[in-house]
Amino acid sequence: QVQLVESGGGLLQAGGSLSLSCAASGSILSINRMGWYRQAPGKQRELVAAITSDGTTNYADSVKGRFTISRDNAKNTVYLQTNSLKPGDTAVYYCNADMLIHGIFWYKTYWGQGTQVTVSS
């Protein structure tokens, strides 16, 4: 069984910071791309940031300069440091990862259960 578990969400005021983490566990042979997505009420899920296994990153324009994605390959964990948060950042944040699992011969995308981030004005 493979799972991604997010942590670090919460309620805070505009201008604050949160650090999210997502740890992958199970019979994992390799992890390629890892990413953070978010979904606000009534809106589609959107990419926030992603990072490849060699550290190449990309960000949504709305978070550039405020959010930083990083990963620890030894811990199979991806992080999202969020700064200067705005009410518009309020959403459920999901992590995902393209993983090669023991017994499966191609990379598949797995999702975490999500963590709520609420930013008040």
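The values are calculated or read from the model by the stated rules, or taken from the named source; none is laboratory data. Source: prediction; values computed, not measured. With ideal geometry, Cβ positions are generated from the backbone for all residues, glycine too; neighbour counts draw on all protein chains shown. What goes into the accessible areas is simple: the full protein's heavy atoms, side chains included, and nothing from ligands, DNA or RNA. Shrake-Rupley method; radii C 1.70, N 1.55, O 1.52, S 1.80 Å.
Descriptive notes on the structure:
- Filtered by the rule that a residue be among the hydrophobic types (A, V, I, L, M, F, W, C) and either within 15 Å of Lys75 (Cα to Cα) or open to solvent by 50 Å² or more (accessible area, probe 1.4 Å) (or both), segment 1-13 gives Val2, Leu4, Val5, Leu11.
- In segment 1-30, residue farthest from Met99 (Cα to Cα) [restricted to those that are in contact with a Cys (Cβ under 6 Å, 6 or more places away or on another chain) and hydrophobic (A, V, I, L, M, F, W, C)]: Cys22
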